[in-house]
Amino acid sequence: MQNVSALLTERRGEYLEQLFTLLRQPSISTQNVGMEACAEWIVRFMQSCGLDARLMPSDGYPMIYGERIRDPDAFTVLIYGHYDVQPPDPLDAWVSPPFEPTVRDGRIYARGAGDNKGQLMAQLLAIKTYLDAFGELPVNVKVLLEGEEETGSPHLDGFVSRHRDLLRTDLVYTSDGPMHDSGAPIVLLGVRGMLYVELTARGAAWDNHSGNKGNIVPNPAWTLVHLLGTMKGADGHILIEGFYDDVRRPTEAEVELLKALPYDRDRVARQIGYPTLDLDGPTYYRKLSLEPTLNICGFHSGYGGEGSKTIIPATATVKMDMRLVADQDPDDIYRKFCDHVRRHAPDVEVRHLGAMRPSRTPADLDVVRVVTEAVRTAYGMEPVLQPSLGGSLPDAVWTKTLGVPSIIVPYANFDEANHSPNENIGIDNFLGGIRCTCHVLHALGRFAGTVG
Ligand SMILES: [Zn+2]
C-alpha cells in the first residue's frame, strides 16, 4: 500500500483538478440542468480510470454503469453513488459561485463537493490509483451511479430488478453523507424504512354551531382521537395487530455495537432541544435504530386561530409516519394499519403517501469485519460502527432486491453543508476517501484470497 500513498502524494494536484472539472458541470436532477453532459463526462472519466463504462437507459435519467472483471468467479464489489445534485438556491448565500469550485481553508466549496461528486470521484480515483500501483484490481469492481438520488431514486429499484445478472455482486459499498462529528469514520450497516399515511374523518357536511347542534352532529376530531388511542398505549407500545411480527431481534453483535457507540446525554439533549432526555446510550441507540415508531406528524381540525370559535368541525385529518425496522415490510404494515382502522373506525379514510423498505446488514458477517478493519487502517482511527441509521435511505434495493450485504462508509466532513449554500468537502476528506477505498479493495482482495 506504500505505492498507493506515494501516488496520492504525487498526483494530489492532478486529482483535485479532475474533481474540479466534474464540479464545474452542473447536474441538477430536479430542474433537468446539465444531466446528460455530466453523465457523459463521467463515462469518459471512468474509461480513463480503467473501467469498461457506459450509459444505460432507465425510466428517468440514465444510469452510469462501469465494471472491471478480473475473473467472473472472483469476489465482486459494487460501488454505488449518484451524479445529480440539489439546486444551489439561495444563490446569494454562497461565498463563491456554486459551480466554480473554490478552495478556502483546506476545503473545496461547490455544489456537489460532498454530496456526492467528491465521494464518487474518490471511489473512481481509488480504482485508478490501485490499478497503477498494483497493475490489477484485487477483486471484480462494478460501479453504478444514478442521476435521481436527490429526487428519491424513483427508478433505481426497477433498474436493479431488471439487471440482476449484470449487477450480481458479493457486496455493495456506498460513500455518501458525512463522517462522525468527532472526525471518526462511520461504518453504517442499515437504515429504518418508512410508511407515511393520512387519515381523514368526516362529520356533517359543514362546520356547525357547537351549541345549537351540540350532541347532534358527530365530531370527526373525536373520531380520530379515539381511533389514535387504539393504536398506541400510554407506555408507547404500538397496538396495531401484528405490527411487531416481523421485527428482527437484535443479534448479540448488534447489542454489543450499541454499547460502543459514542454518546453524551447532555450534548444530545442540547442538540435536540429536550433537556430532560433520560436515556442511557444503548437504550437511546436501540430505540433510534432497531425499534419501529408510530408517529403523529400533524393533526388538523376545526378552528386554530386567535380567541374562540364555537364550532363542531366537519372534518379532521391526521398525518402519520411509521419508521420501520428490518424485516418489516411497508406493504404488509399498510395492510395491517388499514385492517385496524376498518375494525375501529370503518368510516375513516386512509391514504398511502409514501413508503421505503428498511434494510440491515448483519454486523457479524465476515465481510463487515473486513471492511471495518480496512477503514480503521485507512484513517488510523476507530470507526463508529452503526447497525442502522434512524432515518431512511433506499438501501433495501441492495439487501432485499439484490439480496447482498450493503455497507455505507461516508467520506465527507460532518459539516459538509450538503443541500445548503457553501457545500464543501475537506481536501483531506477527499484524499482520505481515495485512500480508504484503496484499503477496502485491498482488504477485500485479501479476504477473497487474491492478494497475499
Ligand atoms: Zn443529497
What are the pairs, 6+ residues apart or on separate chains, where a residue within region 163-183 that is modelled with pLDDT of 95 or more has its Cβ under 6 Å from a residue that is among the hydroxyl-bearing types (Ser, Thr, Tyr)?
THR169/THR76; ASP170/THR76; VAL172/TYR80; VAL172/SER406; THR174/TYR80; SER175/TYR411
When you go through (1) touching a residue at least 40 places away in the same chain (Cβ under 8 Å); (2) away from the ligand (no atom under 16 Å from the Cβ); (3) surrounded by fewer than 23 Cβ atoms within 10 Å (Cβ to Cβ) one by one for GLU150, which number turns out not to apply?
(2)
For region 4-50, the count of residues that are over 24 Å from PRO138 (Cβ atoms) and among the aromatic types (Phe, Trp, Tyr) equals 2
Across region 118-147, which residue is farthest from LEU7 (Cα to Cα) among those that are away from the ligand (no atom under 16 Å from the Cβ) and assigned to a loop (DSSP other than H, G, I, E, B)?
VAL139
Under 6 Å by Cβ, and 6 or more places apart or on different chains, what pairs join a residue from region 433-444 that is of a type in the set (Lys, Arg) with one that is part of a helix (DSSP H, G or I) and crowded, with 23+ Cβ neighbours inside 10 Å?
ARG435/ALA378
Just name the residue that is surrounded by the fewest Cβ atoms within 10 Å (Cβ to Cβ) out of those in region 103-147 that are among the aliphatic types (A, V, I, L, M) and touching an Asp or Glu at 6+ places or on another chain (Cβ under 8 Å).
VAL143
Kindly provide the set of residues from region 418-452 that are at pLDDT 95 or above and on the phi > 0 side of the Ramachandran plot, ordered by number.
ASN422
Would a scan of region 351-362 turn up a residue that is out of contact with any Asp or Glu (no Cβ under 9 Å at 6 or more places or on another chain) and away from the ligand (no atom under 16 Å from the Cβ)?
no
Looking only at region 82-117, which residues are of a type in the set (Gly, Ala, Ser) and away from the ligand (no atom under 12 Å from the Cβ)?
ALA93, SER96, GLY106, ALA110
Looking only at region 398-421, filter to residues that are touching a helix residue (DSSP H, G or I) at 6+ places or on another chain (Cβ under 7 Å) and within 16 Å of the ligand (Cβ to nearest atom); which one of those is farthest from GLN123 (Cα to Cα)?
PRO421
Residue within region 213-228 that is in contact with a helix residue (DSSP H, G or I) (Cβ under 7 Å, 6 or more places away or on another chain) and not basic (Lys, Arg) present:
yes
The residue from LYS142, LYS117 that alone is of a type in the set (Lys, Arg), under 29 Å from GLU382 (Cβ atoms) and more than 15 Å from the chain's Cα centre (by Cα) is LYS117
Can you list the strands (runs of 3 or more DSSP E) lying wholly within region 277-392 that have 2 or more residues being under 22 Å from the mean Cα position of the chain (by Cα) and surrounded by 14 or more Cβ atoms within 10 Å (Cβ to Cβ)?
315-324, 349-356, 384-386
Considering region 170-223 alone, what residues qualify as being outside any strand (DSSP E or B), small (Gly, Ala, Ser) and away from the ligand (no atom under 16 Å from the Cβ)?
SER182, GLY183, ALA184, GLY203, ALA204, ALA205, SER210, GLY211, GLY214, ALA221
Please find, among ARG44, ARG68, ARG54, ARG107, the residue that is without any contact (Cβ under 8 Å) to a residue 12 or more places away in the chain and basic (Lys, Arg).
ARG44
Considering only residues that are touching a Gly at 6+ places or on another chain (Cβ under 6 Å) and of a type outside the set (A, V, I, L, M), which ones fall in region 129-143?
PRO138
Here are some residues: VAL255, VAL197. Which one is touching a strand residue (DSSP E or B) at 6+ places or on another chain (Cβ under 9 Å) and either within 27 Å of ASP181 (Cα to Cα) or among the β-branched types (Val, Ile, Thr) (or both)?
VAL197
Taking PRO387 as the residue in question, decide whether it is in the same structural domain as VAL77 (by TED's automatic domain parsing), farther than 25 Å from THR9 by Cβ and within 16 Å of the ligand (Cβ to nearest atom).
no
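The values are calculated or read from the model by the stated rules, or taken from the named source; none is laboratory data. Small disclaimer: the values here were computed from a predicted structure and weren't measured. Cβ sites come from the backbone with ideal geometry, for glycine too, and all protein chains shown count toward neighbours.
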